[in-house]
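The values are calculated or read from the model by the stated rules, or taken from the named source; none is laboratory data. The shown structure was predicted, so the numbers you read here are calculated from the model rather than taken from an experiment. Methodologically, a virtual Cβ is constructed for each residue, glycine included, from the backbone with ideal geometry; neighbour enumeration extends over all protein chains shown.
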Amino acid sequence: MNGILMMVISIAVLGLAYLFYGRWLAGKWGLDPAAKTPAYEYQDGVDYVPADRSVVFGHQFASIAGAGPINGPIQAAVFGWLPVLIWILVGGVFFGAVQDFSAMYASVRNKGRTIGYVIEAYIGRLGKKLFLIFCWLFCILVAAAFADVVAGTFNGFLVSPAGVRSQIPANGAVATTSMLFIAEAIVLGLILRSGWLGKWLNTAVALIFLVAAIALGLNFPVFIPQGAWHIIVFVYIFVASVMPIWALLQPRDYLNSYLLVAMIIAAVIGVFASNPSINLPAFTGFEIGGQSLFPMMFVTIACGAVSGFHSLVSSGTASKQIKNENDMLPISFGAMLMESLLAVIALIAVASFTAGAAAKQGFITPPQVFAGGVANFLATLGLPSDIVFVLINLSVSAFAMTSLDSVARVGRLSFQEFFQASEGEELGAVRKFFMDKYVATVLTLLVAYLLAKAGYSAIWPLFGSSNQLLSALSLIACAVFLKRTKRAHYMMIIPIFFMIAVTFSALCIKIYQLSSGLAGGLSKNTFNDGLQLVMAVLVLLLGVCIAAQGVRSLFGRPAKDAT
C-alpha cells in the first residue's frame, strides 16, 4: 500500500457515497426547496440568521472538524492502518454522515430547535431534560480538550529538562495569525451584514484578510506561555458565545473555511506528488499497550468517522442559518465526508514516518505529526518545509478554535434550555438567573477551564467515549422523529446499537481506570482524576436513561404524528 492508492480509494468511496447514498437519503426523507426555513421564520439577528450555502458550509465544516479528525486517527494508528482506514470510511458514510444529515433535517423541520427539543417532542420531556444535562457535560469536555490543544499550539516557549526556556517561532506565528483572524472576522461580519459588497467581492475581501493575517503572523510572532494562553482562549470563547452569530461566528468560519479547504487540497496534492510509503503495519493486534481495539479504536478516532458533537452543531447553530432545504445535503452530509477525507490524510501522514522518525524531527503531538507529514509531502514540490509547517499548524488551530466557538455557544444554549419554561409556565427568580446567557456561559466555561489543566491527552478518552455516546443518543432521537413522521429510519438501527455497545463499554473501562488510580492514594492528579470520574459516572448514567427511553419509543407504540 502507498499513499496515492489509499487516497484514491478514499476519494472514490466518499465521492460515490455522496452522489448515491446521500442523494438517496434526501429522496427518502424529502427536501422542500419552497419551504420557509426557521432562519427566515424566526430571524432574530442573534442565532437565527439566514446565510448563503457557502457561509453555512464553512461554519459547519470548520466547527465539526476541530482537532478530532487529526488527533483521533493518529492516536488510533497504534492498531495499524487497515482497521483505522476501514472505520473512517465505513463509519464516515453509514454512521457520521447519516447522523449529521438527519440531525440537521430534524432540526429544520422542528423550528431550528436542538436535538434536545426533538427528544422532548418525540420521546418525552424527562428525556429532554436528561439529554440537556448530558449535552452540557459533554460541551464542557469538548471545551476543555480543544482549549488545551489550542493553548499548546500557541505556546511560545519550550522548557528543557534543565529549565532553560527557548522561543518556538512556529507557535508564535500561529498565535499572531489566529488573533488577527478574530479581529478581521469582526470587520468581515460587519461587511457581510451590511450587504455593501456582492458575493464575489466578499470572497475577495476574505482572501485578502486571510493572506494579510498569515503574512503578519509569520513576520511578527507573539511569545506567550501555555498557562496564559489557557486564560486568553477561555476569555475569547466566552465573548464568542454571547456575541450575535453574525458578528463573529459566521465571518470567522467563513474566513477559516478557505484556509481549511486549501489545506486539504494542498495535502491531497502533496500525497499525489510525493506518493509516500505506508511504513505503518497494516494490523498490529487486537490489544496494544493495555488498550483493546474494541472499543478503544472506535472512540479514539471519533470525529473522523462519527461524532455526536456534530449533531449539536447541525441542530444547534447551522440549522438556524439554512436558507433553503436543498442546502442541507451538502452542508451536513458533504461536510462530514470531507472530514473523513481529512482523517484519511492524517492517517497517511502518520503512516509515512518510520518508527521513531517523527519524534527525531521534533514532531511529538498529533497536530505536529500531521503538520510535519504534510510539510514533507509538499517539500517534494519545492515548497519550504518550515513555512508549510507553520501554515498547517495554523489550520489545525483554526479547526480547534472554530469548534470552541461553537461548543461554547451550544453548551450555553443547552444550559439555558434546561431551565426554559414550558408553554404557559412562568419562570421563577432562580430559573431566570440561570437562563441569563452570561451566567450560563460562565458556569459552563469555569468547569471546562479546571478540566483543561489536566491536558488534552488525559481528557481525550473520556471525551471520545462521551462523544460517541452522544452520537448514539442523537441517532436514536432522529430515528424516532423519522418513524413518527412516517419516513424511512431503518438505515439507523445498526449504527444505534453498535454505538451503544462501543460507548457503554468504553465508559465502563474509563470509570474502572479512574477508580483504580484514585484508590492508589493522593497525587498531583487526584483533583482532575476525581473530576473526570464524576463526569464519567454522570455521563454513563444519563446515557443509559436516555437510551432506554429512546429505544422504548423507537420500538414501542407510535405517538401522535408530526409534520
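A few comments on the model shown:
- Just one of the listed residues (Leu542, Leu538, Leu462) is modelled with pLDDT under 95, surrounded by fewer than 21 Cβ atoms within 10 Å (Cβ to Cβ) and either assigned to a helix (DSSP H, G or I) or out of contact with any helix residue (DSSP H, G or I) (no Cβ under 7 Å at 6 or more places or on another chain) (or both), namely Leu538.
- Some residue of the stretch 449-459 being assigned to a helix (DSSP H, G or I), crowded, with 19+ Cβ neighbours inside 10 Å, in contact with a Lys or Arg (Cβ under 9 Å, 6 or more places away or on another chain) and hydrophobic (A, V, I, L, M, F, W, C): no
- In the stretch 87-99, the residues that are among the β-branched types (Val, Ile, Thr) form Cβ pairs under 8 Å with partners that are not in a helix (DSSP H, G or I), at six or more places apart or across chains, as follows: Ile88/Ala305; Val90/Ala305.
- Only one of Met263, Met297 that is in a helix (DSSP H, G or I), at pLDDT 90 or above and among the hydrophobic types (A, V, I, L, M, F, W, C): Met297
- Some residue of the stretch 487-499 being hydrophobic (A, V, I, L, M, F, W, C), under 27 Å from Ala448 (Cβ atoms), at pLDDT 95 or above and in a helix (DSSP H, G or I): yes
- Members of the stretch 428-442 that are surrounded by 12 or more Cβ atoms within 10 Å (Cβ to Cβ), part of a helix (DSSP H, G or I) and more than 22 Å from the chain's Cα centre (by Cα): Arg431, Lys432, Phe433, Phe434, Met435, Lys437, Val439
- Taking the stretch 54-110 and the helices (runs of 4 or more DSSP H) fully enclosed by it, no element has 2 or more residues that are within 15 Å of the chain's Cα centre (by Cα), closer than 30 Å to Thr354 by Cα and of a type in the set (Val, Ile, Thr).
- Taking each residue of the stretch 1-12 that is under 10 Å from Pro276 (Cα atoms) and looking for partners that are in a strand (DSSP E or B) and of a type in the set (Ser, Thr, Tyr) with beta-carbon atoms closer than 8 Å, six or more apart or interchain, yields Asn2/Ser277; Gly3/Ser277.
- Residue list for the stretch 465-487, restricted to those being within 13 Å of Phe555 (Cα to Cα) and either surrounded by 24 or more Cβ atoms within 10 Å (Cβ to Cβ) or in contact with a Phe, Trp or Tyr (Cβ under 8 Å, 6 or more places away or on another chain) (or both): Ile476, Ala477, Ala479, Val480, Phe481, Leu482, Arg484
- Total residues in the stretch 56-77, condition buried (at least 24 other Cβ atoms within 10 Å of the Cβ) and either among the charged types (D, E, K, R) or over 28 Å from Leu280 (Cα atoms) (or both): 7
- In the stretch 30-49, the condition of being surrounded by fewer than 20 Cβ atoms within 10 Å (Cβ to Cβ), assigned to a helix (DSSP H, G or I) and either more than 19 Å from the chain's Cα centre (by Cα) or not acidic (Asp, Glu) (or both) is met by at least one residue.
- Single unsatisfied condition, Val235 versus (1) modelled with pLDDT of 90 or more; (2) within 20 Å of Asn71 (Cβ to Cβ): (2)
- Listed by first and then second residue, the pairs linking a residue in the stretch 344-360 that is exposed (fewer than 13 other Cβ atoms within 10 Å of the Cβ) to a residue that is polar (S, T, N, Q) and assigned to a loop (DSSP other than H, G, I, E, B), with Cβ atoms under 9 Å apart and 6 or more places separating them unless they lie on different chains, are Thr354/Asn279; Ala355/Asn279.
Residue-by-condition table, conditions (1) in contact (Cβ under 8 Å) with a residue 60 or more places away in the chain; (2) outside any helix (DSSP H, G or I); (3) surrounded by fewer than 22 Cβ atoms within 10 Å (Cβ to Cβ); (4) not β-branched (Val, Ile, Thr):
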site: Ala215; (1), (2), (3), (4): no, no, yes, yes
site: Val222; (1), (2), (3), (4): yes, yes, yes, no
site: Phe238; (1), (2), (3), (4): yes, no, yes, yes
site: Pro244; (1), (2), (3), (4): yes, yes, yes, yes
site: Thr284; (1), (2), (3), (4): yes, yes, yes, no
